[in-house]
Amino acid sequence: MAKVFGRFAAIALAVGTATAGVAAAASSSGFDPWWSPGSGDVLPASATYENAYGAVTVLNVDGPVDTKGHPFFEPIGSNGRACVTCHQPSDGMSISVGTLQERWKVTNGTDPVFAAIDGSNCPNLPQDKRSSHSLLLDHGLFRIFYAWPPVGANGKPIEPEFTIEVVEDPTGCNLDPVYGLNSENPTISVYRRPRVVGNLKYVTAVDRIARPFEVKAGELLGVDPETGQRVSQNIMADSREPTLKSQARSAAANHLQAHGGLSPEQLEAIIKFESQLYVAQSFDKKAGDLTTPDVPPGLGPLAMLRSEAGVIANGAQQHLFGPFEAWSAQPGAKLDAAAEHRASVARGAQLFQTRTIWIKDVYNFNTLGVGNPQKRSCVGCHNMSMTGMDIAPGYMDLGTTNLPHSEAKNLPLFKLTCSPKAQPHPYLGRVIYTHDPGRALVTGRCREIGAITMQQFRGLAARPPYFSNGSAKTLREVIEVYDRRFDMKLTEQEIQDLTNFMSVL
Amino acid sequence: MKGLFSLAAAAASLVVSGSAEAASGDRLNFLACPQLYDTLPMNCWAAEYNGERYFIGAQRGPDSSYLPQMKHQVLVEGVVTDAPRVCGGIVLSPLRVSVLPELDLSCDGPVLSGDGLTPPTVAGRSPRTPLKPHPLHEGIGSFMLSDVPEPPYTTKQFRIDFDFGTDLLVDQMQKRMIEIWTYTKLAGTPKITVEGYTSTTLLSDGNRLAEPEGLAERRAKKISGMLENLGAPNREISVTWVDSPEEPDGVHDAERRRVIVTIEP
């Protein structure tokens, strides 16, 4: 079965033993890009897939991957899923709502991606009904469930600084007698988007300026339990897993229901595969090919391979995703449609780097000593070169999950009440309403309620919706959330420029 | 004032009383809501006390410590100078500004116009002397490094300062932790003693502002835990703490919010 969309030219890899190529020349119409677990197909060195804005490319630097027997692609658990189920190459190694809806239609809801454990709103619901999977199908959200109270990295229970009450429970899971907070095994369920498996040298890069400290929170960074080395804490939405290895173990147990665990060989194969993947948008319907020598040098998947990881680029004169001068237009210049779109992207890049806004009430940004509010541009937080992540690491309470700013709908709502002895949340105090306590579910700390680790900007076009809770359906909506949250007063042109900029990454 | 901290009337002896006009050299300790002025090239923070405006920080100034936050009161502890006003405010030096941890929505306000105000001076950071590389510092971030001391490695004390009411380790104190850890490595297998303290601040209006009970313990345990986490090669770490042992004097109160680490080779 053809897996790869081959409309655009193959990207020549100039590294190692990699071979260039697009395995199949299927056209976009009628082509099913879904990668089923256990298919045994070969994932080529360069695999390109169409999306709404153009196409995304997944590079396998080590060359074509024979997926037969490969633990990333085989259903190694009891529910028929593999890692690839939720990290689809066609969706930039995450998964989009469009893909999920198509999969529901094609399989009548029987695909393992809809597994009761976390592919439904709650395992207790009738699994053959669409409504039982509404959060996945409408918002791309999987159920993430935590034993409550949490257990620390040392294996000892953590005494939380707050109590949790369920205020609204639209999925029924948090009040369920088996799966809920008051069950025999108290569990809290929140709902999140899967992250990109790709460009991981950036995601795992440890802050080279402040290590061994997480400079913003004044804490030591976590450590890899096997090596004792400091870790980035940027892998998960709540930074709960320190390494790719621990993430793979956890995902196998929870999402794949592989209760026997992963063998050392399986773990090694998964990590090796994940670590050589690079993902970025490679073609734009309006701007054209993003991989040719004349485009801005930070675009395309090869740029992700070639660039250095862990570099901070948060100054007005720096270029977070490389310079975009190649696409800048002279004022008054006559431009064709493609050139005008490229100029818009270049303006968006410039806005992202230099447009200052008053950033206010963001835990783990305004609290780091810079003052509240602080006038900075987007790169003040999104500062890691080539990815737009935070190098520090990047868990912050932007307001995407906490009231009053959260715009999430149809999610459970919790009331968290912090102990008088705890250090309160700096901008919400001791009683906080949230759809997802975020990092606080791991640490039990009041001040970290709602803190979510930011994710990379590459391949965005391939994987809507956005934010950890899928509350922004489009890239434009992402921009509009920031516009409202920080009263940016963006013009229509600026919103469009920023949207266009994000769509080519 | 929120309930976490206790205020009690007391006589002020060494600090300016609430009704007196402050003169150069006078020490002022007061609580206030911060004000933020939109000035270029740097924004400036100010606070008012007894009808007078004081300059309390420049956003990203070379010496800026932890800056004020809207929705929080600040504790300002400083000495009045006769330096030219900044942003219309009297300059205090030395200056300590602590953001009180409790939320105080009465301290939320708009960014004020900086038109006509003298902005903070943009002073360049002094060039950093290149550090001598040392094997101990492999893997340590560039910001956290300082020169490794030469032998002999005798008993040495380090002080870690805290802002009022918190155990947050600000960036300069994170750097100090690396200095301490480095010294423990150089000192062989030393005995390490960690002593945590809180203090009560004597305000200029005669009131006392006490840090919360239990904070001295949290500070001490945090520092000893960090030393263990960093892999300090100790024989033992002795950890003690005591809340507000000294009588506040309005002069030394800020420096008493501390942890003392003693390294004995």
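Odds and ends about this structure:
- The single condition from (1) closer than 22 Å to A:Phe501 by Cα; (2) small (Gly, Ala, Ser); (3) in a loop (DSSP other than H, G, I, E, B) that A:Gly348 fails is (3).
- Condition check for A:Ala392: more than 30 Å from B:Ser113 (Cβ to Cβ) and within 14 Å of chain B (Cβ to nearest Cβ): yes
- With respect to being touching a residue at least 12 places away in the same chain (Cβ under 8 Å), more than 14 Å from chain A (Cβ to nearest Cβ) and either open to solvent by less than 30 Å² (accessible area, probe 1.4 Å) or in a strand (DSSP E or B) (or both), B:Ile56 falls outside the description.
- Listing of strands (runs of 3 or more DSSP E) fully contained in the range B:138-224 that carry 1 or more residues being under 21 Å from B:His72 (Cα atoms) and modelled with pLDDT of 95 or more: B:156-161, B:200-202, B:207-210
- Of the residues making up the range A:216-242, just one is under 22 Å from the mean Cα position of the chain (by Cα), open to solvent by less than 20 Å² (accessible area, probe 1.4 Å) and without any contact (Cβ under 8 Å) to a residue 40 or more places away in the chain, namely A:Val231.
- Selection over the range B:197-236 of residues that are among the hydrophobic types (A, V, I, L, M, F, W, C), open to solvent by less than 20 Å² (accessible area, probe 1.4 Å) and within 14 Å of chain A (Cβ to nearest Cβ) gives a count of 6.
- Whichever residue in the range A:400-438 is of a type in the set (D, E, K, R) and within 16 Å of A:Tyr191 (Cβ to Cβ) and, among such residues, is most open to solvent (accessible area, probe 1.4 Å): A:Lys409
- Count of the range B:156-196 residues, restricted to those that are open to solvent by 30 Å² or more (accessible area, probe 1.4 Å) and at positive phi, is 1.
- Restricting B:Ala47, B:Ala58, B:Ala32 to those that are modelled with pLDDT under 95 and in contact with a strand residue (DSSP E or B) (Cβ under 8 Å, 6 or more places away or on another chain) reduces the list to B:Ala58.
- Test: residue in the range B:64-74 that is modelled with pLDDT under 95, within 14 Å of chain A (Cβ to nearest Cβ), surrounded by fewer than 22 Cβ atoms within 10 Å (Cβ to Cβ) and within 28 Å of A:Val362 (Cα to Cα): yes
- Pairs are defined by a Cβ separation below 6 Å, a sequence spacing of at least 6 or placement on different chains, a first member in the range A:299-318 that is touching a residue at least 60 places away in the same chain (Cβ under 8 Å), and a second member that is among the hydroxyl-bearing types (Ser, Thr, Tyr) and open to solvent by 30 Å² or more (accessible area, probe 1.4 Å); the pairs so defined are A:Gly300/A:Thr291; A:Ala316/A:Thr354.
- Meeting the requirement of 2 or more residues that are charged (D, E, K, R) and without any contact (Cβ under 8 Å) to a residue 60 or more places away in the chain, the helices (runs of 4 or more DSSP H) wholly within the range A:394-503 are A:475-485.
- When restricted to residues that are under 19 Å from the mean Cα position of the chain (by Cα) and more than 14 Å from every other protein chain (Cβ to nearest Cβ), the range B:252-265 contains 9.
- Among residues of the range A:12-38 being modelled with pLDDT under 95 and among the hydroxyl-bearing types (Ser, Thr, Tyr), the one that is most open to solvent (accessible area, probe 1.4 Å) is A:Thr17.
- Search result, residues across the range A:181-193 that are in contact with a strand residue (DSSP E or B) (Cβ under 8 Å, 6 or more places away or on another chain), surrounded by fewer than 21 Cβ atoms within 10 Å (Cβ to Cβ) and in a loop (DSSP other than H, G, I, E, B): A:Leu181, A:Asn185, A:Pro186
- Test for A:Lys375: is it within 11 Å of another protein chain (Cβ to nearest Cβ) and within 24 Å of the chain's Cα centre (by Cα): no
- Here the range A:195-210 is the region considered, the condition is being modelled with pLDDT of 95 or more and open to solvent by 20 Å² or more (accessible area, probe 1.4 Å), and the residue that is nearest to A:Gly369 (Cα to Cα) is A:Val206.
- Residue within the range B:243-251 that is more than 22 Å from B:Leu95 (Cα to Cα), within 14 Å of chain A (Cβ to nearest Cβ) and not polar (S, T, N, Q) present: yes
- For A:Asp128: the one exception among (1) open to solvent by 40 Å² or more (accessible area, probe 1.4 Å); (2) in contact with a Gly (Cβ under 9 Å, 6 or more places away or on another chain); (3) closer than 30 Å to A:Lys421 by Cα: (3)
The values are calculated or read from the model by the stated rules, or taken from the named source; none is laboratory data. In this text the structure is predicted, and so the values were computed from the model without any measurement. Cβ coordinates were reconstructed from backbone atoms using ideal geometry, including for glycine residues, and neighbour counts include every protein chain displayed. Remember, those area values only see protein heavy atoms, side chains included, never the ligands or the DNA or RNA. Shrake-Rupley method; radii C 1.70, N 1.55, O 1.52, S 1.80 Å.
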